[in-house]
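Novice: For reference, the structure I am asking about is given below.
The values are calculated or read from the model by the stated rules, or taken from the named source; none is laboratory data. All values reported here derive from a predicted model rather than from experimental measurement. As a convention, Cβ positions derive from the backbone with ideal geometry for all residues, glycine included, and neighbour counts pool all protein chains shown. Accessible surface is based on the protein model in full, side chains and every heavy atom, while ligands, DNA and RNA are left aside. Shrake-Rupley method; radii C 1.70, N 1.55, O 1.52, S 1.80 Å.
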Amino acid sequence: MNDTAVTIDEQIRAFASAVRAHLDDLPADELDEIMSGLSADLADQAADNDGVLELGDPAAYAEELRSAAGLPPRSEDGQRLRMRDRFATWRAATAASIRGSAFGAWLLDLLIALRPVWWVLRGIAMFALIVGTPLGAVMPLAPMSWLIGLALVIVSVQWGRGLWLPQNWLRHMRTVVSVVAVVMLPFVLALTLTPRVEYVGDEYSPQGLMLDGVQINNIFAYDEDGNPIDRVQLFTGKGTPLDLYGASGGANLFSTEDGAESQFGLHDDGLTATVPVEDYRGKPLWNIYPLDETDVDTDTFQPDTSRITRPEPPFTKAPSIESAQESPTPSPQPTETPVP
């Protein structure tokens with residue numbers, strides 16, 4: 001390398017050092033970014049001018065770099081720029097860059113006109129943050145929520161107008177709330193605008209014959225003299241069969257020995273099954289009493305078809321109608337339980 005090249009390199013290093021000294025109020029990372037291409041640019045300039053390099057005032061060059069980066073002039077006291085000033089400068093430079101195109105200017109003017117909408121949305125986000133529920137999900141249910149939401153929206157609007165911020169810490173809180181609102185708004189609006197679906201099921205209505213809310217397991221009929229009737233058909237006044245388990249029958253199925261399926265009902269104890277009478281078509285009849293009964297196999301939960309029997313009536317003889325009119329009603333006599 002010749003002496004001329006060495007001299008140019010020294011000039012470039014000295015000039016770059018002087019420029020850096022005039023930019024030492026900037027953060028180190030930003031300063032390195034601004035200065036990163038300076039030495040290379042000066043070397044290219046010298047090569048284009050046959051090794052002749054004309055350097056101006058380092059201070060003026062430093063101010064040109066500040067202006068190109070959208071930074072304010074160096075403060076008189078040489079202190080680092082405050083974050084607020086740096087942000088304001090960046091915002092102004094960004095706005096100027098956006099307004100450089102017709103579409104960018106139109107879009108920026110539109111966003112500025114929509115600032116009141118943002119103030120309202122920020123109030124809604126504040127409500128969701130404080131109450132923990134989207135505005136549309138709570139307000140119809142809690143009248144007090146209307147007052148809370150309205151108050152927060154008014155506060156947000158006043159903040160947007162630059163009012164109700166007497167203390168500096170409130171301005172910082174406004175900034176924090178705005179950032180949180182931007183993050184929360186997509187979720188809040190999604191929950192608020194999503195229609196709520198409520199599933200309303202049909203009210204449960206017990207099926208079959210009930211007495212005081214308890215399922216009737218069987219019915220035993222007696223004639224006017226108090227004698228039990230072995231087989232009796234019961235109907236309503238409209239001719240509808242008085243089925244023990246309602247129109248659906250026993251609703252429980254079991255397989256018979258010939259491979260067919262038949263219905264059975266289950267007592268409330270879960271251990272006894274009620275078996276209906278079948279007509280000539282094999283259709284179960286649940287209104288012929290008393291119905292046959294059998295035990296339920298606890299392993300298969302199916303009725304034991306080999307032990308289907310006619311249940312014994314609760315009384316061997318009930319009071320007759322005539323004896324009940326002539327004398328006090330005698331106590332019914334229970335049926336004796338056979339010894340196994």
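Novice: Suppose we filter LEU71, LEU81 for residues that are of a type in the set (A, V, I, L, M), closer than 23 Å to SER97 by Cα, touching a Pro at 6+ places or on another chain (Cβ under 9 Å) and modelled with pLDDT under 75; which single one remains? Steps first, please.
Specialist: Values: LEU71 fails: touching a Pro at 6+ places or on another chain (Cβ under 9 Å).
Just a single option satisfies the conditions, and that option is LEU81.
Novice: Hey, among the residues in segment 213-230 that are among the hydrophobic types (A, V, I, L, M, F, W, C) and touching a residue at least 12 places away in the same chain (Cβ under 8 Å), which one's most open to solvent (accessible area, probe 1.4 Å)? Spell out the reasoning first.
Specialist: As a first pass, look at segment 213-230 and keep what is among the hydrophobic types (A, V, I, L, M, F, W, C): 214, 216, 219-221, 229.
If we keep only those that are touching a residue at least 12 places away in the same chain (Cβ under 8 Å) as well, we get 214, 216, 219-221.
Values: VAL214: 79, ILE216: 45, ILE219: 37, PHE220: 63, ALA221: 23 Å².
Ranking the candidates gives VAL214 first.
Novice: Which residues, counting only those in segment 285-315, are open to solvent by 80 Å² or more (accessible area, probe 1.4 Å), touching a Ser or Thr at 6+ places or on another chain (Cβ under 7 Å) and more than 13 Å from ASP230 (Cα to Cα)?
Specialist: Across segment 285-315, the qualifying residue is only ARG307.
Novice: Out of the residues in segment 22-58 that are over 22 Å from ASP9 (Cβ atoms) and outside any loop (DSSP other than H, G, I, E, B), state the one that is most open to solvent (accessible area, probe 1.4 Å). Before the answer, list the steps.
Specialist: So the first thing to find is which residues in segment 22-58 are over 22 Å from ASP9 (Cβ atoms), and the list is 24-30, 33.
Checking which are outside any loop (DSSP other than H, G, I, E, B) leaves us with 28-30, 33.
Details: ALA28: 66, ASP29: 113, GLU30: 35, GLU33: 135 Å².
My answer is GLU33.
Novice: Quick check on segment 186-208: of everything there that is open to solvent by 90 Å² or more (accessible area, probe 1.4 Å) and over 21 Å from the mean Cα position of the chain (by Cα), which residue is modelled with the highest pLDDT? Talk me through it step by step, then tell me what you get.
Specialist: The initial filter retains those residues of segment 186-208 that are open to solvent by 90 Å² or more (accessible area, probe 1.4 Å), namely 187, 191, 193, 195-200, 202-204, 207.
Checking which are over 21 Å from the mean Cα position of the chain (by Cα) leaves us with 202-204, 207.
On the way: ASP202: 56, GLU203: 57, TYR204: 54, GLN207: 71.
Checking each candidate, the answer is GLN207.
Novice: In addition: Could you tell me which residue of segment 281-306 is modelled with the lowest pLDDT, considering only residues that are among the β-branched types (Val, Ile, Thr), farther than 17 Å from GLY208 by Cβ and outside any loop (DSSP other than H, G, I, E, B)?
Specialist: Filtering segment 281-306 down to residues among the β-branched types (Val, Ile, Thr) leaves 288, 294, 296, 298, 300, 305.
This time we only want the ones that are farther than 17 Å from GLY208 by Cβ, so: 294, 296, 298, 300, 305.
Next cut, outside any loop (DSSP other than H, G, I, E, B) only: 294, 296, 305.
Working: THR294: 87, VAL296: 85, THR305: 79.
Result: THR305.
Novice: Six or more apart or on different chains, Cβ atoms under 8 Å: show the pairs whose first residue is in segment 102-127 and farther than 19 Å from MET173 by Cα and open to solvent by less than 60 Å² (accessible area, probe 1.4 Å) and whose second is part of a helix (DSSP H, G or I) and among the aliphatic types (A, V, I, L, M).
Specialist: Close Cβ pairs (under 8 Å, with a partner that is part of a helix (DSSP H, G or I) and among the aliphatic types (A, V, I, L, M)) amount to GLY104/ILE98; ALA105/ILE98; LEU108/ALA95; LEU108/ILE98.
Novice: Would you be able to say whether some residue in segment 168-185 is surrounded by 11 or more Cβ atoms within 10 Å (Cβ to Cβ) and not in a helix (DSSP H, G or I)?
Specialist: no
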